[in-house]
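**Q** Have a look at this one before I ask anything.
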Amino acid sequence: MSDDESLKVVVCGGGNGAHVLAPLLKSRTGVKVGLFAPYGEEASLFRRGIEEAGGILIRGRGDRPLGRYAPDVVSSRAEDVIPGARLVIVVSPAFAHEPLLRQIAPYLAPDSIVGAIPSRGGFEYMARDLLGPDITLFGAQTLPWACRTVEFGREVRILGQKRVLGLATSPPSQVGEVAFLLSRLLGVEVCQIPNMLAVTLGNVGQVIHPGIMYSLWRRDRNALYAPHEVLDFYASVDEDTAYHLAAMSDELVSVARALQAETGLEMNHVRPIKDWLLESYSQDISDSSSLARCFQTNSAYRGLKVPTVPAEDGKLRLDFQSRYVSEDVPFGLVVSKGIALLTGTPTPAIDRVIRVSSSWLGVEFLKKGRLKLEGLHQSRAPQRYGINDLKQLVSVTEGGMITREVLARV
Ligand code: NAI
């Protein structure tokens, strides 16, 4: 694996993250890079953009050009890109993980390494179920960059870069090898996390995104903004929002502690949100005196707006079905809630946000503290995969297959 000349890496996805990852990998000497972009017309848009512009230009802070590179092959057909791949990196919202893995599954070599950046919650349950026992899975805690596509297939801007990328594997014994490989390929420091359960519970997106949407909803759910008035998403965090975010984060830490006490799985990487922010953005936060100030003064977050949709008279209203909800609730909070039910840990702050966002998404995830079947099947909660006790949870976390002898009792 140290020989980059023979290493083939495939990026799956076509959004902002894929626009950074595919050219960035190509900037590493010798690596062969494929881009699998099956969504809509994205593959042909990529091919056209890359051909006309001569590659995808990555810009860093202050619009500094960092280089223009093109993947070797771009296709909407898995059979064109996946065969021969040693490493497959999915970079897409979590709701696209399963459709992407279903398409690549028939073409994967049994010894390949497949993972998602970021994995969000419960990636390994879905992936192990789909890909079988031999593939090494990995999940990263977050995307290393805040980034936005400027022009499809031609240009992307990196707004900020996290200092460290947390990463775990299934089976956990592979983490050293995969961390070494990804650190070298991505040019970021990778922190090895002992198991993917800690990545699921330590996923801060599930706290920050739905938590801020919940607070905006409480503040003024019908707010209308002229285009120039749309709030900065992260700078909108006030003391009240910070209170809710801290409560949700503390509940996840409690679930992690209960898991560690009952199973022995190491969960120390599940940290309170403020600690995570300070570790990830030490260079970017100018005032760390409170959680709210950490958000408000983080320069890496600057300019990222609250999600909106068009409303009447050219105004915009809050989009409560945006990725910040449709990804981070079913593939974040609901997964963590499923784990909390297995440890018997109460999560009132998380429950509140799940209940309100259920009404936004039109899917009931929770009723009387139990997961509802309807919502379960649209989530990656362990119960969806027949994991109904801590013994099964530990077994899957250690790389085992899911045994479906026990049907989901929800
Ligand atoms: P994005 O919103 O740009 O991704 C959209 C892309 O996902 C589409 O263009 C398409 O290629 C793919 N997609 C959507 N539905 C699909 C389907 N049904 N089947 C196949 N493909 C489908 O996402 P982005 O910004 O690249 O983010 C990727 C991940 O990184 C997400 O989990 C996001 O929450 C996370 N993240 C992103 C950050 C950013 O600054 N862009 C920062 C931190 C985390």
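**Q** Quick check on my filter: what residues within the range 109-130 are open to solvent by 30 Å² or more (accessible area, probe 1.4 Å), away from the ligand (no atom under 15 Å from the Cβ) and without any contact (Cβ under 8 Å) to a residue 60 or more places away in the chain?
**A** Ala109, Pro110, Asp111
**Q** Does the range 294-303 contain at least one residue that is touching a helix residue (DSSP H, G or I) at 6+ places or on another chain (Cβ under 6 Å), part of a loop (DSSP other than H, G, I, E, B) and not basic (Lys, Arg)? Give the derivation first.
**A** Step one: list which residues in the range 294-303 are touching a helix residue (DSSP H, G or I) at 6+ places or on another chain (Cβ under 6 Å), which gives 294-296, 301.
Still in the running and part of a loop (DSSP other than H, G, I, E, B): none.
Among the residues of the range 294-303, not one is touching a helix residue (DSSP H, G or I) at 6+ places or on another chain (Cβ under 6 Å), part of a loop (DSSP other than H, G, I, E, B) and not basic (Lys, Arg), which makes the answer no.
**Q** What is the residue count in the range 370-393 for residues that are in contact with a helix residue (DSSP H, G or I) (Cβ under 7 Å, 6 or more places away or on another chain) and not acidic (Asp, Glu)?
**A** 15
**Q** Then there is this: Out of Glu151, Glu155, Glu229, I need the residue that is over 26 Å from Val253 (Cβ atoms) and away from the ligand (no atom under 16 Å from the Cβ). Which one?
**A** Glu229
**Q** Going residue by residue through the range 43-52, is there one that turns out to be among the hydrophobic types (A, V, I, L, M, F, W, C), in contact with a strand residue (DSSP E or B) (Cβ under 9 Å, 6 or more places away or on another chain), open to solvent by 30 Å² or more (accessible area, probe 1.4 Å) and free of Cβ contacts under 8 Å to residues at least 60 places away in the same chain? Explain how you work it out, then say what you get.
**A** Applying the first criterion (among the hydrophobic types (A, V, I, L, M, F, W, C)) to the range 43-52 yields 43, 45-46, 50.
From what's left, in contact with a strand residue (DSSP E or B) (Cβ under 9 Å, 6 or more places away or on another chain): 43, 46, 50.
Checking the rest, the ones that are also open to solvent by 30 Å² or more (accessible area, probe 1.4 Å) come to none.
No, every residue in the range 43-52 fails to be among the hydrophobic types (A, V, I, L, M, F, W, C), in contact with a strand residue (DSSP E or B) (Cβ under 9 Å, 6 or more places away or on another chain), open to solvent by 30 Å² or more (accessible area, probe 1.4 Å) and free of Cβ contacts under 8 Å to residues at least 60 places away in the same chain.
**Q** Related question: Quick one: which of Glu262, Glu251, Glu266 is open to solvent by less than 60 Å² (accessible area, probe 1.4 Å), modelled with pLDDT of 95 or more and among the acidic types (Asp, Glu)? Walk me through how you get there before you give the answer.
**A** Numbers: Glu262 fails: open to solvent by less than 60 Å² (accessible area, probe 1.4 Å); Glu266 fails: open to solvent by less than 60 Å² (accessible area, probe 1.4 Å).
Answer to the check: Glu251.
**Q** Within 15 Å of the chain's Cα centre (by Cα) and in contact (Cβ under 8 Å) with a residue 24 or more places away in the chain, is that true of Leu137?
**A** Answer is yes for this residue.
Residue by residue, here is whether (1) of a type outside the set (Ser, Thr, Tyr); (2) within 14 Å of the ligand (Cβ to nearest atom); (3) under 26 Å from Val190 (Cβ atoms); (4) touching a strand residue (DSSP E or B) at 6+ places or on another chain (Cβ under 9 Å) holds:
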residue: Arg61; (1), (2), (3), (4): yes, yes, yes, yes
residue: Asp72; (1), (2), (3), (4): yes, no, yes, yes
residue: Ser92; (1), (2), (3), (4): no, yes, yes, yes
residue: Gln103; (1), (2), (3), (4): yes, yes, no, yes
residue: Pro106; (1), (2), (3), (4): yes, no, no, no
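**Q** Which is under 26 Å from Thr308 (Cα atoms), touching a His at 6+ places or on another chain (Cβ under 7 Å) and either of a type in the set (Phe, Trp, Tyr) or surrounded by 23 or more Cβ atoms within 10 Å (Cβ to Cβ) (or both), of Tyr225, Tyr243, Tyr214? Spell out the reasoning first.
**A** Values: Tyr225 fails: touching a His at 6+ places or on another chain (Cβ under 7 Å); Tyr243 fails: touching a His at 6+ places or on another chain (Cβ under 7 Å).
Exactly one of Tyr225, Tyr243, Tyr214 is under 26 Å from Thr308 (Cα atoms), touching a His at 6+ places or on another chain (Cβ under 7 Å) and either of a type in the set (Phe, Trp, Tyr) or surrounded by 23 or more Cβ atoms within 10 Å (Cβ to Cβ) (or both), namely Tyr214.
**Q** Hey, which of the helices (runs of 4 or more DSSP H) in the range 308-410, taking only ones fully inside, have at least 3 residues that are more than 16 Å from the ligand (Cβ to nearest atom), open to solvent by less than 30 Å² (accessible area, probe 1.4 Å) and under 21 Å from Arg218 (Cα atoms)?
**A** Hits in the range 308-410: 348-361.
**Q** Within the range 85-103, is even one residue more than 20 Å from Ala116 (Cβ to Cβ) and either surrounded by fewer than 16 Cβ atoms within 10 Å (Cβ to Cβ) or not assigned by TED's automatic domain parsing to the domain that holds Leu130 (or both)?
**A** No - not one qualifying residue is present in the range 85-103.
**Q** Go through Ala179, Ala198 for me and flag whichever is touching a His at 6+ places or on another chain (Cβ under 8 Å), crowded, with 21+ Cβ neighbours inside 10 Å and either in contact (Cβ under 8 Å) with a residue 60 or more places away in the chain or of a type outside the set (Phe, Trp, Tyr) (or both).
**A** The unique qualifying residue is Ala198.
The values are calculated or read from the model by the stated rules, or taken from the named source; none is laboratory data. Treat the numbers as computed from the prediction; the structure is a model and nothing was measured. Every residue, glycine as well, gets a Cβ built from its backbone with ideal geometry; the counts of neighbours run over all protein chains shown. Protein only, heavy atoms only, side chains kept; ligands, DNA and RNA dropped before computing areas. Shrake-Rupley method; radii C 1.70, N 1.55, O 1.52, S 1.80 Å.
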